[in-house]
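Here's the structure we're looking at; comments come further down.
The values are calculated or read from the model by the stated rules, or taken from the named source; none is laboratory data. This one's a predicted model, so the numbers in the text were calculated from it and none came from an experiment. Ideal geometry is used to build each Cβ from the backbone, glycine not excepted, and the neighbour counts take in all protein chains shown. Note: accessible area is taken over every heavy atom of the protein model, side chains too, but ligands, DNA and RNA are not part of it. Shrake-Rupley method; radii C 1.70, N 1.55, O 1.52, S 1.80 Å.
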Amino acid sequence: MGFPRGRRRLVLAVAVLLAVAAVAVVVHRVLAPAEVSTPARGAYPAAPRPAAGVVGRLPVAPLIVDGRLRVYAAHRQVYADVPVDGRHRTTPYWSYRRWPAELTGVVASGSTVISRWSDGRLVALDASTGRVRWRADGPVPARSAAVARRTGAATVWDPRGLLLADLADGRTVLTVTGDTQARGVDVAGGRELWRADLPGGCRSDLGTTATGQLIGLDTCAGPATVEFRDAATGVVGERWRPPGAPDRLVVTPLGCRAARSDCLGLRTAGPGDAGGRGWLLGGGEPLAAPALDPAGATLAGDQAVAVVDGVAVGRSARTGAELWRFPGLGPGRVLAAQPGRVHLLTEANELVTLDPATGALLSRYTLNVGSDGTGWAPGAVAAEDGYVAVERLREPVDPDGDDQRYYLTSEAVILAAT
């Protein structure tokens, strides 16, 4: 004998409601905003001192942090591996993941790793453990038209709208910008120091100075103008245009400690100009530095370094006086600089590292690993803590090609100790 018809309907209705509730729970668990933090289990490693030479090759771009570990960016995850001089990427030392936000930028100050997400959230992690130090809200990142490549180099080596500024009192400020707002955040604890409204897409960040200012380029109300905003207070002080400059300007930071942070100089040029004019940054108006005018010149400490007719030449950036020469390079270029080192790349993809103050040779070797060879073109580059990492691109370089065509191999990043 079965259930009466009314009771069958009631049982069916209850079953449907239970099924819907179960589905709702599953959907909530899968789609609800969440974060997953997997801290380190082992001890924080000491900083190694590897011999100069190629360390290894990696499928993604590493951000060298504290001289001890490598930090990487994924679509919704920031993670680290050790040792810093490991030949290949290894199992994560720690990992931090958010959902459904996307990772848009990563910077590091000492042992603090700061990640920025597509919803504007800022999350600071302890590099030694991977545990969250603080969370803060920032402006939503500006939309980028750039292609997101698989190495994640743009996210960890040149994150847009995410810059560090070291202040004279020892504090470090994280400056975060979106389309219409900028904020300053104290790196030590995540406290917001200031916020400022921005005019929109007619203004862009260029970098920060070694004296604690945020450099911006304003094209909103007339000829392009460089503005200097106090990173501690958010107040715009100096607004400057190079004498005789065209209405449109291309401005390139020089001599930066990392990415575009703590920069010592600038180069300004009109659109399409091969060279331009070099400038030193200090407490006041930029000072002309003709030694930095050539497009291939870079600023390494107090020295302007360029490769001219196969010879590396170091000059005083302030006076232009020649300090040293290093011959025998052949066709080459300045690849990158970091404190105490300037890195040159020859036509045969030899990495030559010199002391920028004296021109003394620190190391010289070919950037080759395994059987990959040297038939590649350099892409994005990062230099930090004595290491150099270079993307290797397939020749001829096709900037519009997919990743398989664009990169030399699946492990496209070569890492070297200098």
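Length gained on full extension, residue 381 to residue 171, computed as 0.36 nm times the residue gap minus the Cα-Cα distance: 72.8 nm. Considering only protein heavy atoms and a 1.4 Å probe, what is the carbon-and-sulfur percentage of the accessible area of the chain? So the carbon and sulfur contribution to the accessible surface is 53 percent.
Between residue 325 and residue 49, the C-beta separation translates, for a Förster distance of 35 Å, into a calculated FRET efficiency of about 0.75. Relative contact order, percent, of region 64-116 when contacts are C-alpha pairs under 8 Å separated by at least 6 residues? Relative contact order for region 64-116 comes out at 32 percent.
Summarising the label geometry, the points placed 7 Å from Cα in the beta-carbon direction at residue 362 and residue 374 lie 2.1 nm from one another. Radius of gyration over Kirkwood radius for region 141-194, both on Cα atoms: the Rg/Rh ratio is 1.05. In the chain, the longest principal axis of the Cα atoms and the axis of helix 5-31 are about 10 degrees apart. Per residue, the solvent-accessible area of the chain (1.4 Å probe, heavy atoms of protein chains only, all protein chains present) comes to 46 Å². Over all distinct Cα-Cα pairs of region 170-280, the Kirkwood formula returns a hydrodynamic radius of 14.5 Å. Across the chain, the mean sequence separation of Cα contacts (distance under 8 Å, 6 or more residues apart), normalised by length, yields a relative contact order of 11 percent. Compute the Cα gyration tensor for region 37-77, then decide on rounded, prolate or oblate, letting a ≥ b ≥ c be the square roots of its eigenvalues: rounded whenever a/c is under 1.5, prolate when a/b is larger than b/c in the other cases, and oblate in all that remain. Here region 37-77 falls in the oblate category.
The distance between label points at residue 90 and residue 111 comes to 1.9 nm (points 7 Å beyond Cα on the Cα→Cβ vector).
Gain on full extension, evaluated as 0.36 nm per residue between residue 147 and residue 118 minus their Cα-Cα distance, stands at 8.9 nm. Just the Cα atoms of region 39-169, one point each, no solvent: what log10 I(q)/I(0) does Debye give at q = 0.10, 0.13, 0.18 Å⁻¹? Rounded to two decimals, the profile gives -0.31, -0.53, -1.00. Relative contact order of region 310-404, taken over Cα pairs closer than 8 Å and 6 or more residues apart, is 17 percent.
Computed from the Cα positions only, the extents of the chain along the three principal axes stand at 105, 55, 41 Å, in decreasing order. Computed with a 1.4 Å probe on the full set of protein chains, the accessible area for residue 326 sits at about 30 Å². Note that region 155-161 has calculated 3J(HN,Hα) couplings of 6, 9, 9, 8, x, 6, x Hz, one per residue in order, obtained from phi through the Karplus relation 6.51 cos²θ - 1.76 cosθ + 1.60 (θ = phi - 60°); glycine and proline are x. With one equal scatterer per alpha carbon and no solvent term, the Debye-computed log10 I(q)/I(0) for region 235-305 at 0.12, 0.22, 0.26 1/Å reads -0.30, -0.99, -1.30. Each of 186, 309 has its accessible area taken with a 1.4 Å probe; listed largest first, they run 309, 186. Once Rg and the Kirkwood radius are both taken over the C-alpha atoms of region 326-369, their ratio Rg/Rh works out to 0.94. In terms of accessible area, using a 1.4 Å probe and ignoring ligands and nucleic acids, 93, 44 rank largest first as 44, 93.
With a cut-off of 19 Å on the backbone N, the residues of region 232-267 near the modelled label site 7 Å out from residue 188 along Cα-Cβ are 232-234.
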